[in-house]
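Data first, discussion second: the structure below is written as structure tokens.
The values are calculated or read from the model by the stated rules, or taken from the named source; none is laboratory data. Keep in mind that what you see is a predicted model, and the values were worked out from it rather than measured. For neighbour counting, all protein chains shown are included, and Cβ atoms are generated from backbone atoms with ideal geometry for every residue, glycine included. Just so you know, the surface numbers come from the protein's heavy atoms only, side chains and all, with ligands and any DNA or RNA stripped out. Shrake-Rupley method; radii C 1.70, N 1.55, O 1.52, S 1.80 Å.
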Amino acid sequence: MNIGILALQGAFAAHQRVLTDLGTSVTLVRGVEDLVGLDGIVLPGGESTTMSMLLDSSGIHGHLRELLGKGFPVFGTCAGLILLAEQIVDGRADQQQLGGLSINARRNGYGRQIDSFEASINICDAEHACSMNGVFIRAPRIEKVTGDVHVLGTVNGDIVLVRQGNVLGATFHPELGNDRRVHEMFLKIVSRHNDDLEQVQEVRS
Ligand code: GLN
């Protein structure tokens, strides 16, 4: 399995450590050519407005949008989730969305850097009925989910972890700390997607 991590800006190194620990091969994505041969990609935290500009100037934006349309597995954390949100509140006027998650996300929805916090998250899917610690740094706030978005994690009623098809999004930073469960969730999405692709190929041949 080869997972890309968007490395134009932001907290990509921490994701690299987690995925490497989990035995996954990792490619840092800085140009369109780095997208070749990936099984999935992580969009890290950072500054979504800057990342959005760099996605555009590097040409990655268009390719990623196309991949998302084909069901390519993508995992966005914090700023990464903002990039995937179909609608953002308090974004920059020229901030371009990749789409992929039918959600409304308010940038800096819990306040400024000083309002960053840690909280216990209820992880609520069939396999993970438990809680985990989450680090929220100038986190976006999900104000609305529509369509077939599954809510997988909440804090005091706020939605903080969602999945729609092969797209996973967290408003917090699961790459910080020692809990690997959200990354494991993503790797499971990737391996199921790979199995599906293999089956399609078998049927065709
Ligand atoms: N507030 C940042 C943004 O709007 C996201 C912060 C983060 O990724 N930790 O992009």
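Solvent-accessible area of ILE189, all protein chains in place: 10 Å² (probe radius 1.4 Å, heavy atoms, ligands and nucleic acids excluded).
Residues considered: GLY62, GLY109, GLY157. Largest GNM mean-square fluctuation over the chain, using C-alpha springs under 10 Å, is found at GLY157. Probing with 1.4 Å while keeping every protein chain in the model, the per residue accessible area of the range 62-202 equals 47 Å². A 1.4 Å probe over all protein chains sorts LYS70, LYS144 by accessible area into LYS70, LYS144, starting with the largest. Amide hydrogen proximity for GLY4: with H placed 1.01 Å from N in the peptide plane, the residues at 5 or more positions away or on another chain lying under 5 Å are THR27, ASP39, GLY40, ILE41, VAL42. Pairwise Cα distances in the range 40-132 exceed 14 Å for 70 percent of all pairs.
Between GLU184 and VAL200, the modelled labels are 2.9 nm apart [label points 7 Å from Cα along Cα→Cβ]. Computed per residue of the chain from DSSP H runs no shorter than four, each worth -39500 (n - 2.57), the mean residue ellipticity at 222 nm is -9500 deg cm²/dmol.
Rolled with a 1.4 Å probe across the full set of protein chains, the surface gives ARG30 an accessible area near 130 Å².
Which residues in the range 162-190 place their backbone N less than 13 Å from a point set 7 Å from the Cα of LEU22 along the Cα-to-Cβ direction? Label zone hits: 168-170, 174-176, 178-190.
Heavy-atom accessible area, probed at 1.4 angstrom with all protein chains present, ranks HIS63, HIS183 as HIS63, HIS183, highest first.
Treating r as the C-beta distance of GLU47 and THR146 and R0 as 25 Å, the FRET efficiency rounds to 0.40. Shape index of the chain: Rg/Rh, with Rg the Cα radius of gyration and Rh the Kirkwood radius from the inverse mean 1/r over Cα pairs, equals 0.94. Computed extension length for CYS124-ARG92: 8.3 nm, one decimal, from 0.36 nm per residue of separation with the Cα-Cα distance subtracted.
Label-to-label distance for ALA13 and ASN133 is 2.1 nm, based on points extended 7 Å past Cα in the beta-carbon direction. DSSP beta bridges fully contained in the chain are about 55 percent antiparallel.
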